[in-house]
1. Taking the mean number of other Cβ atoms within 10 Å as a proxy for protection, how do you rank 54-66, 587-599 from highest to lowest?
2. Counting only protein heavy atoms and a 1.4 Å probe, tell me what percentage of the stretch 25-146's accessible area is made up of carbon and sulfur.
3. With the other protein chains left in place, how much accessible area per residue, in square angstrom, belongs to the stretch 401-471 at a 1.4 angstrom probe?
4. Assigning unit charges at the beta carbon (Lys, Arg +1; Asp, Glu -1) and nothing else, what dipole magnitude in debye, to the nearest 20, does the chain show about its Cα centre?
5. What accessible surface, in Å², does a 1.4 Å probe find on Y361, ignoring ligands, DNA and RNA and rounding to the nearest 10?
6. With +1 on each Lys and Arg Cβ and -1 on each Asp and Glu Cβ, how big is the dipole of the stretch 214-319 about its Cα centre, in debye rounded to the nearest 20?
7. Please work out which option in (i) 30.5; (ii) 28.8; (iii) 34.9 gives mean projected area of the Cα convex hull in nm² calculated from these coordinates, and answer with its label.
8. In debye, nearest 20: dipole of the stretch 4-83 around its Cα centre with unit charges on the Cβ of K, R (+) and D, E (-)?
Amino acid sequence: MKSIDKLINDLNKEQKEAVLSIDGPNLIVAGAGSGKTRVLTTRLIHIIDQKKAFPNQILCVTFTNKAAREMQNRVIQNLKGSSKAIPWLGTFHSISVKFLRRHAEALDYKSNFTILDTDDQKKLIRNIVKGENLDAKKFSPQLIMYHIDQWKNKGLLPKDIKLKNSSSILKSILKVYEIYQNKTKDLNAFDFGDLILFCVKLFEEHEDIKKIYRNNFKYILVDEFQDTNFIQNKWLNLLVNENQNICCVGDDDQSIYSWRGAEIKNFLTFDQIYKNCKVFKLEQNYRSTKNILEIASNLIANNSNRLGKKLWSSADEGDLVKLNCYRSGKDEAQGISDIIEQKIKKKYCLNNVSILVRAIYQTREFEERFLQVGIGYRVLGGIKFYERAEIKDAVAYLRIINQKFDDLALERVIGSPKKGIGESTLNQIFTFGKINKLCLEDSILKILEKDEFKPKIKNTLNQLMSMIQKWRKDSNRLKHYDLLKLVLDESGYSSMLKNKKDLENENRLENLKELLRAMQDYDNLQSFLEHVALATSIDQEWEGAKINLMTMHAAKGLEFDVVFLPGWEEGLFPHQKSLEEKGDFALEEERRLAYVGITRAKKEAYLSFAMKRAYHGDWMDVLPSRFISEIPDESVEKNEIEFSDTEDFEFNQDNSIDYEEGYRSPGWDRYKKNKMLKWKK
């Protein structure tokens, strides 16, 4: 256990200043790898050590329970006295629960309220949709929950929402929201979004309760402040006392969660809201080499909405960041795999190597390559490609088309999308099949022939059986990937995902597009299904170290010796859809995501892009990401990859290209070769 003096003396000059400036509003702009958790924890310990406040007079808010536990352990280890003397330390949600348990009656709830999980919410919403006679396909629980969550993040209960010139769909969702809130009230329950929202209502409507906590909390500390949304920021503002002893720590350059409701303006305008605010910048990085930081700093400097800082390190220059160009996405996966096998494995443990992608479907080509060469891997924050629900659903359709005795496949097909076939009907079919020694499909056909199903179920199963038989005929004339396109459309599966407009279903659609592309590598349906079976049944739990595969979003807060960043191409990164929806705002967030990705690397970083990539089943020539043109030439080692069956090429980074036309054009028009790459014989 270190003394508080020792803890402070171990800090650098800027860290020490941030810790010792206790009173008044403080904003600590903490660059990647600059020791922000250490500063926040030391500051908290220093406040208690100086007897500026008792532990229970300090409110410390984090974004994850893991971060809260780590801070709590550090505080306990470094404070003398009882371990019970700890601050109010936790996430926005966990602390809100404490407030609500104490004051539930003021909101006309009982203190033993239930907290609903996602499954509870879905079940409740399904019942409401059914009770209101709404189309269950059009009004999915995910879609309704998305809008409810958005409203709650903005502090809006049903009575606060005024819809003008809105679609009938949104008006119906608002009606569901109103019924939903009344139902949760009857259940004496809060959902996750309610926890912060109802605390805000509590403090706004009960001045006496607000004063209790304003007077009690002499100091407020907030971690990852750049990730706060509107309602979280309001929650904080209501608790700040007249002395304004609030200290917020974060990095505006790592604000990458606007799709979750995070508002970077909370961070950027903090010193305007709190007029006497002191701003401290932690720019010394303890994680990465100088070359990695140079690239990250040059890249993020292109953003205009930032407070501004430049990371530096006393570490070695390190290796130059590698910039590789590959002929295709498949070559990229193979090339990165070769680098790992031939070079990286000899220097680093694979647990300290990561591949960070912009879109989760990109993992598929890497997974298949690693399976092929026997490299262990794990997918963090996601599910392995062929184990994802939508992929299993699509493959189930192909399996039952391929052979009718695949009962497991047909059972999955019956439930995806849902067709109103319940457990009792399935039990009826299985029992009939067992008695008569028939497969599931033949059992259904026989019971249909005997006319023993209820009329609605009879029509549904008749239609399904007819479609399956039709698809089997189609399989004789269509390519297997064209067959799957047809099946996804005619089964209603594609429209089911398209009607649920949220990020999760957009990712599922992208995964299905990637599946269609993967199928083109196989001669026929049989060979593809064999590949899938082997890919999913192979023992992937190799002993020993494994490469980490994840999205850049999932990598925030992590660090690795070596990081590979593939797919740096226009349309993929920055992402086309984001740019079309939010323009320059999205471009800056995409650039922040690039900054996060690069700064995960401690010793080596590899950027790469492909010259062409399969998109919606077609090969398209693509441009390197504009982010590559924002990196100084002297900071990277450009590798001209040679292919045995094609010409060589050289880099020609033309910064004068007008991107506006490219990324805003409908359908992401084909980019022409030679715009940023010049071929040579």
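The values are calculated or read from the model by the stated rules, or taken from the named source; none is laboratory data. Just so it is clear, the model here is predicted, and its values are computed rather than measured. Please note: Cβ atoms are built from the backbone with ideal geometry, for glycine as well, and neighbour counts cover all protein chains shown. Just so you know, the surface numbers come from the protein's heavy atoms only, side chains and all, with ligands and any DNA or RNA stripped out. Shrake-Rupley method; radii C 1.70, N 1.55, O 1.52, S 1.80 Å.
1. On the way: 54-66: 18.5, 587-599: 24.9.
Those peptides, ordered most packed to least, come out 587-599, 54-66.
2. Values: 2810 of 5970 Å².
The C+S portion of the solvent-accessible surface of the stretch 25-146 is 47 percent.
3. Working: 4110 Å² over 71 residues.
Value for the stretch 401-471: 58 Å² per residue.
4. On the way: 108 positive and 100 negative charges, 415 e Å.
Once rounded to the nearest 20, the dipole reads 2000 debye.
5. The accessible area of Y361 comes to roughly 30 Å².
6. On the way: 13 positive and 14 negative charges, 108 e Å.
Magnitude of the dipole: close to 520 debye.
7. (iii)
8. Details: 12 positive and 7 negative charges, 39 e Å.
The calculated dipole for the stretch 4-83 is roughly 180 debye.
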